[in-house]
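Peer 1: The structure follows.
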Amino acid sequence: MKTTDSIDASILELVGNLKHEHRAVFDAQFNLLYSNRTYREYLRKLGFDSINNLSLLDIYNSEAKEHASLWLDGFKTLNPLKPSYAFSAFDKVREENYRIDAEVQALFKANQVLAYALGFDELTDTYLENRFNRLKSDFLAKALMVKDTNELMWVMTDEILAKLYLGDALILERQGNVLAPIAAYGSQRKGRREVAEGLKVSFSQGITGYVATTAMPYMTGDSRKDPHYIQEHFAAGSEVAVPIIVRGKVFGVINCESEQFNFFRPIHQELLQRTAEVLSARIEEMNSRQELELLEQRHLAIINSTPNSFLLFDPSYRIMSFNTAATKSWRYFTGLNIEVGTDYKKVVPKELLGKFENLARQSLQGGKAEEYLSWEHEDNHYRLKVNFAPALDREGKIFGFTLLVEDVSELYHANQTLRAKNLDLEQGNRELDKFVYSISHDLRAPLSSMMGLVNLIENAQQLPETKIYAKMLQDAAESMDSYIRNILEYSRNKRFEIDLEEVDLEELFRDLEQKFKFIPGYRELNFETDLSLKRIHSDPYRMEIILNNLISNAIKYRDIAKSKSWCKVSISEREEQYEIKVADNGIGIPKAKQANLFDMFFKVQSDHPGSGLGLYILKEVVNNLGGEIEVQSKEKKGSTFSILLPKNPPNA
């Protein structure tokens, strides 16, 4: 073999054109001029330890005749108009067949051959797997810049399928019950990025349809004998196809065909499956990104549609985002403009800076707060409700805090007016109580005296006329007394009459569940029922009030610091009573506040938005049914409400 220094520069250029692992150059008489290291190692496997003065004809006349024949036959196809030729073949080395992807080239001058060049890759399983790993890295790098699914398919085709020596390759996408090709390599490709027309495949047809239906890979070495094969485009000798699974459903199929029989090996199916997995993962990422963008757009639309001001601050108290309402209302309330990146001191009124800083610190530590703030601007008095809350990322980490501002000025002034009217109403109630007392005392006392005098008259006089007049006087007095009692009973009767009937408890709980599922926190509560009775005889309306009140409180006052929240409801019977128990592991009730628990307008948490009437009404209902109620509660442990109701209420 000649040294590299003696090789003509044009021949070196010929070697450089070969993009294969094994490369060699021969002169016109097939004498070896140059070989790279990997080809010299390949020759040693053929039995040629020394390559000095080695000729391709020497190889042809040895046991490695088949190897030399590949190149001699290939060189014969070359001419000045066709100076290169690529092909795939089997090369036999010591009784073992190696599949190779090969190329031959020739250098011509005045229609005379100056040199031949050969290059090839051994398509072993190890080689293909290593090549796939390199190609996958290149694909992933380019796929990061792709945002369109069709574009992604072409990148996959060009970067992996076209470089794995797979013959013809198609990527088909499911469109209803049809598989439509969206990217191709080989004979099915037209131009730069077009697929031949008429290539749609039904789900029920061919190997591709079979793979799409079963969601399983499939390979055949001889399509003539395969029951699933149908000839669509050309008579393939062998075929392999794998499904592309996205979110548990068949998104499409990767299909490869070759004219050669037994062309595909298990490594090809395995690499195609891994290709499909890479493609599926990238499609999933793109879908998730698109869904996230859509979700963000929806959230932004919702935030912008609310009349309340919404602002997002970073841990340094700088504005990260805000809605359109905040832009208008902030200027209206404070006369200040807000922009992204603005420090809080430039947008929060000076008199509220201390309060803002305190609530912001609480939020950054995971706390939530609600406050009512007042200030004046341009002779207008404003009352605003502000809510501070931590802003959490997908992993639950705090990256800032949110501020929600609601103008409650009108509601505040309306409440002030209502409070004044309530004072008047309370005064009227007190006067009504005095009036009732007056009726009871000032009117009934004289009536009692009158009826006493009637008795004296009857005993003192025996004239017939006297008895008649006394009887008339007694009847009138008793009638007036009955009327007064009716007035007193009416003033005390503030409740509906009890209506007893059969109550289906399971149906009642189903109805309640429909109401509870809309209460925030219901799905975080493990709800258990222990019904030893299926039906009870009671007032269904009042039973619903009792259960609705206690269970909804268990939901509202669950302890979010606990990993599991639960509420247990049991209904059983004693000899003459029904027993209802509702227990939870919520935040509990401080002992100091339990004595006033059933008072009107009393709230355990003064800042809670509730009315303070729930347990007061519950107590009134239980009393009306002639029952008893007691509570056992420990702060941070939970509460248990126990109710005893008579089976035959005294007021029924």
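Peer 1: Mind checking which residues of region 411-452 are among the hydroxyl-bearing types (Ser, Thr, Tyr), at pLDDT below 70 and surrounded by 14 or more Cβ atoms within 10 Å (Cβ to Cβ)?
Peer 2: Ser440
Peer 1: Continuing with the same structure: Only one residue in Gly586, Gly610 is modelled with pLDDT under 85, under 41 Å from the mean Cα position of the chain (by Cα) and in the same structural domain as Leu505 (by TED's automatic domain parsing). Which one?
Peer 2: Gly610
Peer 1: So, Leu312, is that one in contact with a Leu (Cβ under 9 Å, 6 or more places away or on another chain), crowded, with 17+ Cβ neighbours inside 10 Å and among the hydrophobic types (A, V, I, L, M, F, W, C) or not?
Peer 2: Against the criterion (in contact with a Leu (Cβ under 9 Å, 6 or more places away or on another chain), crowded, with 17+ Cβ neighbours inside 10 Å and among the hydrophobic types (A, V, I, L, M, F, W, C)), Leu312 qualifies.
Peer 1: Continuing with this model, one more query. If you check Glu96, Glu129, Glu122, which single one turns out to be under 23 Å from Tyr39 (Cα atoms) and more than 51 Å from the chain's Cα centre (by Cα)?
Peer 2: Answer to the selection: Glu96.
Peer 1: Let me ask something else about it. Would region 502-517 turn up any residue that is open to solvent by 80 Å² or more (accessible area, probe 1.4 Å), assigned to a strand (DSSP E or B) and at pLDDT 85 or above?
Peer 2: The answer is yes, given that some residue of region 502-517 is open to solvent by 80 Å² or more (accessible area, probe 1.4 Å), assigned to a strand (DSSP E or B) and at pLDDT 85 or above.
Peer 1: Being in contact with a Phe, Trp or Tyr (Cβ under 7 Å, 6 or more places away or on another chain) and hydrophobic (A, V, I, L, M, F, W, C) is the filter here; which residues of region 638-652 pass it?
Peer 2: Leu645
Peer 1: State yes or no: is Asn111 in the same structural domain as Phe48 (by TED's automatic domain parsing) and at positive phi?
Peer 2: Criteria met by Asn111.
Peer 1: List every residue pair whose Cβ atoms lie under 7 Å apart, where the two residues are 6 or more positions apart in sequence or sit on different chains, the first residue falls within region 364-375 and is of a type in the set (Lys, Arg), and the second residue, located anywhere, is part of a loop (DSSP other than H, G, I, E, B) and modelled with pLDDT under 90.
Peer 2: Between residues of region 364-375 that are of a type in the set (Lys, Arg) and residues that are part of a loop (DSSP other than H, G, I, E, B) and modelled with pLDDT under 90, there is no close pair.
Peer 1: Condition first: more than 43 Å from the chain's Cα centre (by Cα) and either open to solvent by 30 Å² or more (accessible area, probe 1.4 Å) or within 16 Å of Arg542 (Cβ to Cβ) (or both). Can you find one or more residues in region 630-644 that meet it?
Peer 2: Looking for residues that are more than 43 Å from the chain's Cα centre (by Cα) and either open to solvent by 30 Å² or more (accessible area, probe 1.4 Å) or within 16 Å of Arg542 (Cβ to Cβ) (or both), one finds at least one in region 630-644, hence yes.
Peer 1: Name the residues in region 101-138 that are farther than 30 Å from Arg282 by Cα and free of Cβ contacts under 8 Å to residues at least 24 places away in the same chain, would you?
Peer 2: Lys109, Ala110
Peer 1: When only residues in region 69-101 that are part of a helix (DSSP H, G or I) and under 16 Å from Glu122 (Cα atoms) count, which is least open to solvent (accessible area, probe 1.4 Å)?
Peer 2: Among them, the one singled out is Trp71.
Peer 1: Only one of these conditions is not met by Gly367: (1) exposed (fewer than 15 other Cβ atoms within 10 Å of the Cβ); (2) part of a helix (DSSP H, G or I); (3) not aliphatic (A, V, I, L, M). Which number is it?
Peer 2: The failed condition is (2).
Peer 1: If Ala64 satisfies every condition in (1) modelled with pLDDT under 90; (2) surrounded by fewer than 18 Cβ atoms within 10 Å (Cβ to Cβ); (3) under 25 Å from Tyr42 (Cα atoms) but one, which is the exception?
Peer 2: Single failed check for Ala64: (2).
Peer 1: Further question: Looking at region 536-586, which of the residues that are touching a strand residue (DSSP E or B) at 6+ places or on another chain (Cβ under 6 Å) and among the small types (Gly, Ala, Ser) is surrounded by the fewest Cβ atoms within 10 Å (Cβ to Cβ)?
Peer 2: Ser572
Peer 1: Of everything in region 224-253, what is in a strand (DSSP E or B) and within 30 Å of the chain's Cα centre (by Cα)? Give them in sequence order.
Peer 2: Val242, Pro243, Ile244, Ile245, Val246, Lys249, Val250, Phe251, Gly252, Val253
Peer 1: One residue is enough: does region 331-347 have a residue meeting the conditions of a type in the set (A, V, I, L, M), part of a helix (DSSP H, G or I) and in contact with a Ser or Thr (Cβ under 9 Å, 6 or more places away or on another chain)?
Peer 2: No, region 331-347 contains no residue that is of a type in the set (A, V, I, L, M), part of a helix (DSSP H, G or I) and in contact with a Ser or Thr (Cβ under 9 Å, 6 or more places away or on another chain).
Peer 1: Just give me the residues in region 391-410 being open to solvent by less than 100 Å² (accessible area, probe 1.4 Å) and either among the acidic types (Asp, Glu) or closer than 30 Å to His377 by Cβ (or both), in sequence order.
Peer 2: Those that are open to solvent by less than 100 Å² (accessible area, probe 1.4 Å) and either among the acidic types (Asp, Glu) or closer than 30 Å to His377 by Cβ (or both): Ala391, Asp393, Gly400, Phe401, Thr402, Leu403, Leu404, Val405, Glu406, Asp407, Val408, Ser409.
Peer 1: Enumerate the pairs (first residue in region 65-93 and touching a residue at least 24 places away in the same chain (Cβ under 8 Å); second residue anywhere and open to solvent by 60 Å² or more (accessible area, probe 1.4 Å) and assigned to a loop (DSSP other than H, G, I, E, B)) with beta-carbon separation below 6 Å, excluding pairs fewer than 6 apart on the same chain, so at least 6 apart or on different chains.
Peer 2: Pro80/Asn111
Peer 1: Six or more apart or on different chains, Cβ atoms under 6 Å: show the pairs whose first residue is in region 567-587 and of a type in the set (S, T, N, Q) and whose second is buried (at least 21 other Cβ atoms within 10 Å of the Cβ).
Peer 2: Here the result reads Asn585/Gly638, each pair linking region 567-587 to a residue that is buried (at least 21 other Cβ atoms within 10 Å of the Cβ).
Peer 1: Can you name the residue in region 126-147 that is open to solvent by 70 Å² or more (accessible area, probe 1.4 Å) and among the charged types (D, E, K, R) and is also farthest from Glu293 (Cα to Cα) among such residues?
Peer 2: Filtering region 126-147 for residues that are open to solvent by 70 Å² or more (accessible area, probe 1.4 Å) and among the charged types (D, E, K, R), the one farthest from Glu293 (Cα to Cα) comes out as Arg134.
Peer 1: Another question, if that's okay. Starting from region 32-54, keep only residues that are at positive phi, then list their pairs with residues that are open to solvent by 20 Å² or more (accessible area, probe 1.4 Å) whose Cβ atoms are within a distance under 9 Å, requiring at least 6 positions of separation or different chains.
Peer 2: From residues that are at positive phi, the pairs are Gly47/Ser62; Gly47/Glu63; Gly47/Arg94; Asn53/Met1; Asn53/Asn31.
Peer 1: Just to be sure, is Phe527 farther than 19 Å from Leu625 by Cα, open to solvent by 50 Å² or more (accessible area, probe 1.4 Å), modelled with pLDDT of 85 or more and of a type in the set (Phe, Trp, Tyr)?
Peer 2: Judged against the criteria, Phe527 is a match.
Peer 1: Here's another thing I want to ask about it. Counting only residues that are of a type in the set (S, T, N, Q) and in a loop (DSSP other than H, G, I, E, B), which one in region 315-330 is least open to solvent (accessible area, probe 1.4 Å)?
Peer 2: Going through the qualifying residues, I end up with Asn323.
Peer 1: Which condition from (1) in a loop (DSSP other than H, G, I, E, B); (2) closer than 19 Å to Pro520 by Cα; (3) touching a helix residue (DSSP H, G or I) at 6+ places or on another chain (Cβ under 9 Å) is the one that Ser552 breaks?
Peer 2: It fails just one condition, (1).
The values are calculated or read from the model by the stated rules, or taken from the named source; none is laboratory data. Keep in mind the model is a prediction, meaning the values are calculated, not measured. Using ideal geometry, Cβ is built from the backbone for each residue, glycine included, and neighbour counts are taken over all protein chains shown. When the accessible area is computed, the model is the full protein with side chains, heavy atoms only, and any ligands, DNA or RNA have been set aside. Shrake-Rupley method; radii C 1.70, N 1.55, O 1.52, S 1.80 Å.
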